[in-house]
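What follows is a set of notes on a single structure, which appears directly below.
The values are calculated or read from the model by the stated rules, or taken from the named source; none is laboratory data. A quick note: this is a predicted structure, and the numbers were derived from the prediction, not measured. All Cβ positions, even for glycine, are placed from backbone atoms using ideal geometry, and neighbour counts span all protein chains on display.
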Amino acid sequence: MVFQGFTSYCQISNNANYSSLIGVWNVLSKVEVKKSGGQIIDQEKELYKPDEKSFEFTSDGTVIITQDFGKHSEKLPARVEGKNLFIGKFKKNKIPYLIRYEGSELKLAKTETKVKKGQTIEQTEQVVLGKK
């Protein structure tokens, strides 16, 4: 299973700081899993070609997310608090990505819970990046 061990992944303590993110990272893959009642109800996995999608963390506290081999880009504020990465405008109760370095890869993961039509849906997203 793709997310086997995800709980332990989220509990791993590391001392991430923003300066360690600075630079360009190619997105290697993205996995989204939706669960309800402990059962997987939807799962999507995307694999990316080199330079198809990237995150550039700048020294001024922003991230430039580039897609479609440079055709589209978006500049957003980014900040690190402990092992949490916040991307985008500040919102109360915003769910951060948990940061984990594994060799030359950067792994970002977050889980959000929503209630739809009385059903609790847990959506987990993991993005794997490689330093360019």
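Among the residues of segment 99-108, are any over 19 Å from SER36 (Cα atoms), free of Cβ contacts under 8 Å to residues at least 24 places away in the same chain and in a loop (DSSP other than H, G, I, E, B)?
Yes: segment 99-108 contains one or more residues that are over 19 Å from SER36 (Cα atoms), free of Cβ contacts under 8 Å to residues at least 24 places away in the same chain and in a loop (DSSP other than H, G, I, E, B).
Can you pull out the residues in segment 70-83 that are over 18 Å from LYS107 (Cβ atoms) and either among the β-branched types (Val, Ile, Thr) or modelled with pLDDT of 95 or more (or both)? Talk me through it step by step, then tell me what you get.
Taking segment 70-83 as the starting set, the residues that turn out to be over 18 Å from LYS107 (Cβ atoms) are 70-77, 79.
LYS71, HIS72, SER73, GLU74, LYS75, LEU76, PRO77, listed by residue number.
Just name the residue that is nearest to the chain's Cα centre (by Cα) out of those in segment 30-51 that are under 15 Å from VAL128 (Cα atoms) and surrounded by fewer than 16 Cβ atoms within 10 Å (Cβ to Cβ). Don't jump to the end; show me each part of the working.
Let us first name the residues in segment 30-51 that are under 15 Å from VAL128 (Cα atoms), namely 30-33, 44-51.
Remaining after also requiring surrounded by fewer than 16 Cβ atoms within 10 Å (Cβ to Cβ): 32, 44-47, 49-51.
Working: GLU32: 10, GLU44: 14, LYS45: 13, GLU46: 13, LEU47: 14, LYS49: 17, PRO50: 18, ASP51: 17 Å.
That would be GLU32.
Can you confirm whether segment 9-32 contains a residue that is of a type in the set (Asp, Glu), out of contact with any Phe, Trp or Tyr (no Cβ under 8 Å at 6 or more places or on another chain) and at pLDDT below 95? Walk me through it before giving the result.
Restricting attention to segment 9-32, the residues satisfying the condition of being of a type in the set (Asp, Glu) are 32.
Imposing the further condition that a residue be out of contact with any Phe, Trp or Tyr (no Cβ under 8 Å at 6 or more places or on another chain) reduces the set to 32.
Now narrow it down to the ones that are at pLDDT below 95: none.
No, the conditions are met nowhere in segment 9-32.
Kindly list the number of the only condition in (1) exposed (fewer than 13 other Cβ atoms within 10 Å of the Cβ); (2) assigned to a strand (DSSP E or B); (3) in contact with a Pro (Cβ under 7 Å, 6 or more places away or on another chain) that fails for LYS89.
(2)
Select from segment 19-65 the residues that are within 17 Å of THR124 (Cβ to Cβ) and in a loop (DSSP other than H, G, I, E, B) and list them in ascending order.
GLY37, GLY38
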